[in-house]
Structures are given as C-alpha cells and as structure tokens.
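Presented below is the structure to which this report refers.
The values are calculated or read from the model by the stated rules, or taken from the named source; none is laboratory data. Since we're looking at a predicted model, the values are computed, not measured. Note that each Cβ is placed from the backbone with ideal geometry, even for glycine, and that neighbours are counted across all protein chains shown. The protein model used for the area step is the full one, side chains on, heavy atoms only, and it has no ligands, DNA or RNA in it. Shrake-Rupley method; radii C 1.70, N 1.55, O 1.52, S 1.80 Å.
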There are 6 protein chains.
Amino acid sequence: MFSVTVREHMMIAHSLRGEVFGPAQRLHGATYVVDATFRREALDADGIVLDIGRAGEQLSAVVAGLNYRNLDEDPAFAETNSTTEALARLIADRLAERIHAGDMGEGARELAGLAVTLHESHVAWASYERPL
Amino acid sequence: MFSVTVREHMMIAHSLRGEVFGPAQRLHGATYVVDATFRREALDADGIVLDIGRAGEQLSAVVAGLNYRNLDEDPAFAETNSTTEALARLIADRLAERIHAGDMGEGARELAGLAVTLHESHVAWASYERPL
Amino acid sequence: MFSVTVREHMMIAHSLRGEVFGPAQRLHGATYVVDATFRREALDADGIVLDIGRAGEQLSAVVAGLNYRNLDEDPAFAETNSTTEALARLIADRLAERIHAGDMGEGARELAGLAVTLHESHVAWASYERPL
Amino acid sequence: MFSVTVREHMMIAHSLRGEVFGPAQRLHGATYVVDATFRREALDADGIVLDIGRAGEQLSAVVAGLNYRNLDEDPAFAETNSTTEALARLIADRLAERIHAGDMGEGARELAGLAVTLHESHVAWASYERPL
Amino acid sequence: MFSVTVREHMMIAHSLRGEVFGPAQRLHGATYVVDATFRREALDADGIVLDIGRAGEQLSAVVAGLNYRNLDEDPAFAETNSTTEALARLIADRLAERIHAGDMGEGARELAGLAVTLHESHVAWASYERPL
Amino acid sequence: MFSVTVREHMMIAHSLRGEVFGPAQRLHGATYVVDATFRREALDADGIVLDIGRAGEQLSAVVAGLNYRNLDEDPAFAETNSTTEALARLIADRLAERIHAGDMGEGARELAGLAVTLHESHVAWASYERPL
C-alpha cells in the first residue's frame, strides 16, 4: 500500500458544549495543522498515488472554507460540536466528495482511502480515516 | 475510524542485558517522549473519542510511575529487558487496565484499541498497539 | 552566556483591527506554542540557570491567565491588537514581574534577560526579547 | 503488534517525466528524510523487534546507494519516475532483500512487515508498506 | 527587540566544487526549508513587526526564483559555490532589496535586521544574518 | 554573520545533587539531542563556515565520550552537577579545544564563536554560547 500526505493549517475560533470540555466551553480558538493522507494499492503510470499539486490545492480549498472563522456560526456544526475529531471527519468527507467529483484527477478515483489528522498543539492531535 | 493522541515524557536510567545491545549494556538513560493513541469506531454524543483531559491525566499518572527512576530496580523488568518496545507495551497495558476500570470515563469502554509510541531520540522510536 | 527554555501552549480566540490583517479581522483563533527562554551569564552553585521546575510553573501560571479565552474581551488588549508579537511581549513582561517578585527563586534575580517565542503554526512564529 | 523505526536521510537530484509534474519536470533535487519501520507480532527473547543497531546500519547502506546522486542516471529508474512514492518502494524492497538474506540477524526473519516513509519537505511525505 | 519568522521551502539540484565537499562534488540536490526572520526594535501602530502576509509573499517570490532548478546553471553561482551558507545570504540579500524597494510596506523600512536559516536535513542547517 | 549547525544525540544516566532538583535527585537518565552551532563573520574561499563533514565527526567524537554512560561516575562531574546547562558548556569547551587544535581544519580557526544546545525533551532545552 502506498500513501501520500500533504500539510495545511487553519486558525479558527469555537466553543464546545458539554461539561466534559471544562474551560473549553468558553469561546477560545485553535491553530489546526492539517495532514491529509491519500492511500492507493498501486501507483499509476506516472509512478504516483495522485497529483500532489492538485491534492494540495484541494486541501487548501477545503481548509479555506473553515479558516479565519468562528465555527460556532458555521451551519456544519449547528447540531454537533466542532471537536478536533469532528473537524477531521468533516475535512476528510469534503475531500472525498472532491475526489468523487474528479477534482483531483481521474487517477484519484482509484484511491483506496483517506485519512485526516489535525494537530491542535505539540502535545495533542486527532485523526479520522475512511475508505473511498 | 477515529483516534486521539496525547503526548507526555519521562526520563529514566536503565541497562540492557544481552550482547545485541553493545554499549547499551552499560547503565545509561533516555528521555522517552510518549504518545498514547486511543481508537474508536464512532464518536460519542459529545463528538469525541474520549475525554482528552482525563486521557492526558491517566497517561501522566502511568508515566509518573516510571519517571525519574532506574528501571533496573523496577520489579516490572525483573525478568525482561526494559527496551523501548517493552516499555511501550507496559504503558499500553497499564492504560488498558485503567480504561477497563473506568478511569477514563464510561465512554472510554467503547474504545476499539490503543497504541503507544516511545520516541527515544530524533532518529529512533518504537510502538506497540493492541485491541481493547 | 547560558540559557534555559521551557515550552507551554494556549488556545485563544481573537480578532485583529486594521486592514493589514485581511481575513484575520474576523473572529478566529490560534494555538500558541509558547517558548520562554531565560538567559544568565554564569551558572549558580547548583549548576543551573534557574530552577526549571519553578520556571515551568510560572510560565504555566502566566499562560493560564490567557488560555481558553477570547482576547477581544481581555482588558490587556483594549488599546492594542493581540498580535503574536504583542502577546510575546505581554508574556515576557509578566514573567519579568514574577522574576522581580522572587517567584522563580532568589537565583533568578541574577538573570540577564528573557525571550518569549510564540509559534502560531508550523510556518510562522514571533519573538520578543528583553533585558531583566 | 510491535514496531521499531529508524531515520536516515539522503540528498539527490532528479527530474520527473510527465505533464502532471509541472516545474518538477526540470532537473531539481530533494533531501529525503527516510523512516524505516519494522513490524513484528511478538518480541524476541531479548525483548526487541530486531537489533536496532543493525537495522540502522542496513538502512544507511541502502540509502548510501542513492545518496549524492542524480537519479536520472540510476538504472533503477530507467523505466519509471523516481517519485517519492517509487523511492519509498525501492528502499523498502532493498531492505526486504537484506532481511531475507539474514543481514539484520536471524530474528529479523520473523518480521511481519516493513514500511518506508520519505519526507520531501515539512509539508509533504509519502509511504510504502509491504509484508515480509 | 521583536522578530517575526515565516517558513517556505525549495527543491534544487546542484554540485559543489572543492575537495572539501567529498561526495557532494557530484550532482545531487536538496530540499531547503527556508526560515526568514525580520527584526525590529518597536512594533508599529498595528502592533506588528511587519505585514506577515506580505512578508510571506515576498519570501515565496524570492524562493520561486530558485525552486525546481539546477543551481549549477544559475548565474548567481557562476563564481561561488551554492552552499547552504551562500544560499542563505543570497535569499537574505534579495529580501533586503525588496524591503528597501518598499515591497513589504512602508513600515518594513524600519526593520533593524534580517536572518535567513536554511535547513538542509533534520540534522544540519545554516544561517546568515545582516542589518538593514 | 554566518552559522552552521549539526545535530547529534546521546543517552546518559545521572542524578543531580540539591533539593532544587526534586525527583531528579534520584538516578534517572536522558536523551540529549545536541545541536552544535559554529559562527563566522565571512565565508572561506569554498563558500563555507567550516567543513560540515569534519564538524559532524568532531561533534560525534565529543558526544561519544559521554554516550551510554552514568555521568555520576565521570570525573568531569566530580565537583559539579551534570545539569543540561553544564553539559552544554562541557561539549562546547571540548569542541573549542578541538577547533584550536586544528581538528576541524585550518579555516575553523577563524570561527568567531560556538553555541551548543541540548534538548532534554520536546518541552525543555538549554544552551551555552562562547567566543572562540
């Protein structure tokens, strides 16, 4: 199995609902360093998993939709907390939509799966992985 | 699959028995940067894998039991070498006990698995992963 | 010249006033990984720059006063933007007050200077250094 | 499952054939930070996955065969592009040959698998994993 | 004294002339992770050292002039080796020209100095610093 | 001013005498990631600060004299604690001796200064810098 990973980041405000979050129930924020990993069984004719340039552009586009925002006002989080875990899933699912739509090239349709890791600090991070 | 990781560290002395260890047969030491990863199929009602605050506290408690010690005198390593691999397993197993005892909350009982990585330097690390 | 550095982090929300900030004029947030460096010409009788345990506790205490907050509501930033640069100065100045008050031990009064670096992402950081 | 990872690096020149590579079709170069991960179900009698010293030496030997070279002139890449993905596979396969030949000790024959990750920058990396 | 740092990277091919370089006399390459640090005595009215967005754009523009190239063919290195040290100076000098030309805004004219660090691997880097 | 830095590491056991050290008074250990920085006003005729290969070898030789040892038994620390700060000075002074002895080449005699940083974990490090 092969994989390729590209890194981006975003800077957001949010608050988390539920006693379990303690002081993070207050409005605060985070820099999320976002790693998107694309997996594929075999390389294509060019010797790659996917066009890393397009993968980076698509990741940047998905992240731009969240960056410099207060996620408490984002409809995507009207029903659920914008936890690191939930953000990893949201980004992975949006990348998957773009892959299925052909935005990362025809070859990207042969990807086996996708993982997104969000680093919220130097001592904590969360991941979500899913098939394609 | 989701995962959450928290990081701690410990500073220990030890020696390793067996020709394969070369100069590491002498009493020496290590800083181990310890990453504990908790895996779960679905998020709970709060949108999390587990209470990351409690996970961090439990990891700190487990690491505190080894920190600032000479592991050559620790009964846990009377029969086996305190290699990086064996230390990763010991920490993972102690975290698993705490999860089963409910120390990380009721939700943590639904965790699928656990991985512990010990970084012994910027150029070497070891991991152990197990189901729960 | 000797120095010792300890690392902490904080997660805050804020917005920045002024066209120069572009999208960062919106309410957003950041994880700041905070490095505090203490400089001293000569080591004390114990062979240290200062008690690193107390230095870490004092840095944690200073950071706790900002952590999990919306800095737009912090009186310290009523007149000035809470830029990374300004936050570095605020933390350095608060550490300096504690040093002068003796909170880091008598030996810390012999420190020559102090620097604080705030990493706002894996690709950007800011520092402030001052004498003591 | 246990794993042990060792890190090396190499500095190579190459060019990539195919429109998908854009400016990387020109002769350019890369530092690849190379992580080789060795996996095994159970530890051996010494409490290790394999002799990490020998693993490091073998990784260094494999990397030395590529280091400080123009890969456009390397017969291994006469037919295929020397992409990060393809280089990860080449290094993994050469390590596997050495494991099968006994170069990492008898115990290494019980390894379950192998993964090689090549970091081409602080924002992009690729991996290849295979069974043994 | 305040400073702000932004990070970019470039991937180049080159060879180095002189016995001291050993195998690096052969055509090879490097990824350089490039950190540009801008220093200033006091913050401007916005509370910043300089517009970090423009600083990043200018660093990207300077790096783009070297990226994906064989530096053996770059007139800037006709007379001198393209060592990591010399590349750090070239990038710093080009940034200084842009600062003097006003490309980083009027405020940037009050910068006290500039430093550029090039990381050639996880175990080696070089810096050049100069006044403005 | 130019500088070049090379990285090594060592794994040692030690204990620290004095109440200020708390639990670190017990025999424990550390991995020290060691960065040695060499400074010089102008580059030599080859375009370098010094021969980075020889610098790395000399750093490795100095570190090898401490590695895999219990520093409580090292005569260099009979009178003083082997704190991170004191170790940084010892390594810097031993590198300076080698520079003066010509072990890093004739050009290295023109170095202006030297700094050594020891990282004891991902959250703490210490430095010592001196002229040459």
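Would you check if residue D:62 is of a type in the set (A, V, I, L, M, F, W, C) and in contact with a strand residue (DSSP E or B) (Cβ under 7 Å, 6 or more places away or on another chain)?
Values: of a type in the set (A, V, I, L, M, F, W, C): yes; in contact with a strand residue (DSSP E or B) (Cβ under 7 Å, 6 or more places away or on another chain): no.
No.
The rows are residues; the columns are (1) small (Gly, Ala, Ser); (2) on the phi > 0 side of the Ramachandran plot.
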{"site": "A:37", "(1), (2)": "no, no"}
{"site": "A:47", "(1), (2)": "yes, yes"}
{"site": "A:52", "(1), (2)": "no, no"}
{"site": "A:64", "(1), (2)": "yes, no"}
{"site": "A:76", "(1), (2)": "yes, no"}
{"site": "A:81", "(1), (2)": "no, no"}
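Take residue A:108 and tell me if it is more than 8 Å from every other protein chain (Cβ to nearest Cβ), small (Gly, Ala, Ser), assigned to a helix (DSSP H, G or I) and touching a residue at least 60 places away in the same chain (Cβ under 8 Å). Steps first, answer last, please.
Details: more than 8 Å from every other protein chain (Cβ to nearest Cβ): yes; small (Gly, Ala, Ser): yes; assigned to a helix (DSSP H, G or I): yes; touching a residue at least 60 places away in the same chain (Cβ under 8 Å): yes.
It is true that residue A:108 is more than 8 Å from every other protein chain (Cβ to nearest Cβ), small (Gly, Ala, Ser), assigned to a helix (DSSP H, G or I) and touching a residue at least 60 places away in the same chain (Cβ under 8 Å).
Count, please, the residues in region C:62-84 that happen to be β-branched (Val, Ile, Thr) and buried (at least 22 other Cβ atoms within 10 Å of the Cβ).
First, pick out the residues of region C:62-84 that are β-branched (Val, Ile, Thr): C:62-63, C:80, C:83-84.
The next check asks that each one be buried (at least 22 other Cβ atoms within 10 Å of the Cβ); those that pass are C:62, C:83-84.
Number satisfying all stated conditions: 3.
Any residue at all in region A:79-91 that is more than 16 Å from the chain's Cα centre (by Cα), hydroxyl-bearing (Ser, Thr, Tyr) and not in a strand (DSSP E or B)?
Yes, there is a match, as at least one residue in region A:79-91 is more than 16 Å from the chain's Cα centre (by Cα), hydroxyl-bearing (Ser, Thr, Tyr) and not in a strand (DSSP E or B).
Please work out which residue is nearest to the other protein chains (Cβ to nearest Cβ), limiting yourself to region F:73-99 and to residues that are out of contact with any Leu (no Cβ under 7 Å at 6 or more places or on another chain) and touching a residue at least 12 places away in the same chain (Cβ under 8 Å).
F:89
Of F:71, F:111, F:27, F:66, which residue is under 28 Å from residue E:15 (Cα atoms) and touching a helix residue (DSSP H, G or I) at 6+ places or on another chain (Cβ under 8 Å)?
F:111
Give the residues of region C:36-61 that are open to solvent by 10 Å² or more (accessible area, probe 1.4 Å), more than 9 Å from every other protein chain (Cβ to nearest Cβ) and assigned to a helix (DSSP H, G or I), sorted by residue number.
C:57, C:58, C:60, C:61
Being in contact (Cβ under 8 Å) with a residue 40 or more places away in the chain and part of a loop (DSSP other than H, G, I, E, B) is the filter here, so list the residues in region D:62-72 that pass it.
D:66, D:67, D:68, D:69 - these are the residues of region D:62-72 that are in contact (Cβ under 8 Å) with a residue 40 or more places away in the chain and part of a loop (DSSP other than H, G, I, E, B).
Picking from A:89, A:130, A:94, which residue would you name as being over 28 Å from residue C:24 (Cα atoms) and charged (D, E, K, R)? Spell out the reasoning first.
Working: A:89 fails: over 28 Å from residue C:24 (Cα atoms); A:94 fails: over 28 Å from residue C:24 (Cα atoms).
Criteria check complete, one pass: A:130.
Mind checking which residues of region A:118-127 are open to solvent by 30 Å² or more (accessible area, probe 1.4 Å) and either within 16 Å of the chain's Cα centre (by Cα) or at pLDDT below 95 (or both)?
Selection gives A:119, A:120, A:125.
May I ask you to verify whether residue F:92 is hydrophobic (A, V, I, L, M, F, W, C) and surrounded by fewer than 20 Cβ atoms within 10 Å (Cβ to Cβ)? Lay out the reasoning, then the answer.
Working: hydrophobic (A, V, I, L, M, F, W, C): yes; surrounded by fewer than 20 Cβ atoms within 10 Å (Cβ to Cβ): no.
So residue F:92 does not fit the description; no.
Considering only residues of region E:8-35 that are facing chain D (nearest Cβ under 7 Å) and open to solvent by 30 Å² or more (accessible area, probe 1.4 Å), which is nearest to residue C:125 (Cα to Cα)?
In this case the residue turns out to be E:9.
Quick check on residue C:106: is it acidic (Asp, Glu) and more than 29 Å from residue F:17 (Cβ to Cβ)?
Working: acidic (Asp, Glu): yes; more than 29 Å from residue F:17 (Cβ to Cβ): no.
So residue C:106 does not fit the description; no.
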